[in-house]
Every structure is written in structure tokens, then in C-alpha cells.
Number of protein chains: 2
Amino acid sequence: MKIPPKKYKYSWPIEATLDVIGGKWKPLVIYTLKEGTLRFSQIVDKVEPRITQRMLTKELRELEKDGLVKRKVYAQVPPKVEYSLTKKGESLIPILDELCDWGSEHMGDDIEFTCEE
Amino acid sequence: MKIPPKKYKYSWPIEATLDVIGGKWKPLVIYTLKEGTLRFSQIVDKVEPRITQRMLTKELRELEKDGLVKRKVYAQVPPKVEYSLTKKGESLIPILDELCDWGSEHMGDDIEFTCEE
DNA sequence: CCGTATCCCTAAGGATACTG
DNA sequence: CAGTATCCTTAGGGATACGG
């Protein structure tokens, strides 16, 4: 008996949520933007200098597509682009807070930074 | 100026948490075990028939290593192995609940099943 | 400054067959 | 029943160079 193909993109809601925040840098980007609007280069500085432009652009585009992040382009040279959270994006903050707390509590020894300063 | 190598396994606590629950089937396995102890084959049935033995074994081993799941082997033929959550594993349930709720609320149209029945 | 465009590599995940 | 053992495919992520 054959297993039928999936009708939906996701089987379980948890899958869907993790897909949206599951990129390597996505949760950090969202978490960083919770304080307010930031420019592209500021995100690089705040999140992690190790991130490449290609990856940050890619993940920001996906976050935008999923409606978590707003992108505002200023028509000027050199370019200026600002990113901020949408309502939908903000609704993830409490969850990210808990993910952060759980990590600190249970895996603290393997982690460089803490949740808040 | 060179970026120094990482001293810790993770930079941010969120990373650490997502690494622990981030496998394809891990959150579902944890979520399924929250009702109580289950045998290997029962997990397959409950989580998703699409999962392969290899993958389920692999993820269960990792969950065990991370201290989220207990494994109890009965010395009998045919084998019987029971899995259950540890305290640490149980501590993730509230977070998974929220991940589930968020998914239902914001991505409902792309999802086959709901959080609870 | 804020991106693309390429190319590359590794790890995650899967198919299938076999076994105590 | 509950796994290993192999082999294979793909997607995620990264390095680097170039462009408006």
C-alpha cells in the first residue's frame, strides 16, 4: 500500500514554525530587530560578523516573504536599506525569549553569550 | 584583522536550543512522547509513517545523548524498547506548545493537522 | 552600501537490504 | 521488533568576486 503524497506543505504546525525561524541566522536576526529598525550593515555588526552578505540577504528575503520583516529602501546613493519587524514578526519574540531561556538554563556551559544584558 | 575561532559550541542560547530540537523529526518525537512512554514502533505510527527506521533511530539516539529522552531495553525476544521523556525533555513541552500554536495561527492554511485533538 | 552571481563543500536526510 | 550497514541525493551554507 502506497503512502499518498502530501496535500499540505507541512504536516504539523511545529514544522511550519520551525521552517520559518529555522535558518542559521534567522532567529538571531529577528531577535536583534526586536529593539527596532536597523540597516543592513548594522544587522551584520549586531548579529555576527561571521555572517556573509549572501547569507544575510538570503535569509532577510525569506523573512520578508514570510511576512516577518519589512524592508524599506531609500532611493539614494550610496544605498540605505532599513529592516524592521512586522506584527507577525513581533509575535515571535516571546517564543524566541523562551528558546533563549531554555538554552541558557540547560546548555549554558556550551554557550558564549547570555540572553539579555 | 582575523576573526578569532569560536571558544564555545554555540554563540547564542537560541542556537543551542534549536540544535537540540532542530532535527527533522525531533520536535514531533518529543511532542508525541509527552503523553507517556512509547515503544519504537508506536512512535513510528504516531509521529509519521513516512519516517524511516534509520532516521528515527538516529534522532532518538541524539535526543538520548542530549538527555531529553530515556531509553529502556527489555531483554527479550523479540526485542522491546521503550522511550520516554526525561525531566529535561518535559521542560521543552511548553515551548513546543507555543511553536505549535504560533504555526496554527499564522500558517494554518499550509498545515495538515492541528495542535491538539 | 547593499547587494548579485558563481562555484564549492559538507552534512542532513532518505532508500534499501540485512540481522540478532 | 528494533535496529545496523551501505549507498546515494539534495539542500544548506560558505568563499569569493563583481556591480549599481
Checklist entry - Which condition number does A:VAL81 fail, the rest of (1) under 15 Å from the mean Cα position of the chain (by Cα); (2) in contact (Cβ under 8 Å) with a residue 24 or more places away in the chain being met? => result (1)
Next on the checklist: Condition first: without any contact (Cβ under 8 Å) to a residue 40 or more places away in the chain and either under 17 Å from B:ILE93 (Cβ atoms) or under 13 Å from the mean Cα position of the chain (by Cα) (or both). Now tell me which residues in region A:96-105 satisfy that.
Outcome noted: A:ASP97, A:GLU98, A:ASP101, A:TRP102, A:GLY103, A:GLU105
Next on the checklist: Out of the residues in region A:48-68 meeting the condition of being in contact with a strand residue (DSSP E or B) (Cβ under 8 Å, 6 or more places away or on another chain) and more than 14 Å from chain B (Cβ to nearest Cβ), tell me which one is farthest from DNA strand C (Cβ to nearest atom).
Outcome noted: A:GLU64
Checklist outcome for this item: Restricting attention to region B:12-41, the residues that are away from chain A (no Cβ under 14 Å), over 11 Å from B:ILE93 (Cα atoms) and acidic (Asp, Glu) number exactly 0
Checklist entry - Quick one: is A:LEU99 within 20 Å of A:SER41 (Cβ to Cβ) and within 14 Å of chain B (Cβ to nearest Cβ)? => result no
Checklist entry - What number goes with the only condition from (1) over 23 Å from B:GLY22 (Cβ atoms); (2) within 16 Å of DNA strand D (Cβ to nearest atom); (3) out of contact with any helix residue (DSSP H, G or I) (no Cβ under 8 Å at 6 or more places or on another chain) that A:ASP45 does not pass? => result (2)
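Which count do you get for residues in region A:69-78 that are touching a strand residue (DSSP E or B) at 6+ places or on another chain (Cβ under 7 Å) and of a type outside the set (D, E, K, R)? Give the derivation first.
First, pick out the residues of region A:69-78 that are touching a strand residue (DSSP E or B) at 6+ places or on another chain (Cβ under 7 Å): A:69-74.
Remaining after also requiring of a type outside the set (D, E, K, R): A:69, A:73-74.
Of the residues in region A:69-78, 3 are touching a strand residue (DSSP E or B) at 6+ places or on another chain (Cβ under 7 Å) and of a type outside the set (D, E, K, R).
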Checklist entry - Is there a residue being aliphatic (A, V, I, L, M) and touching a Ser or Thr at 6+ places or on another chain (Cβ under 7 Å) anywhere in region B:5-28? => result no
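A short reminder: the numbers here are calculations on the coordinates, not readings from a lab. Since this is a predicted model, take the numbers as computed values, not measurements. Here Cβ is always computed from backbone atoms with ideal geometry, including for glycine, and neighbour counts include all displayed protein chains.
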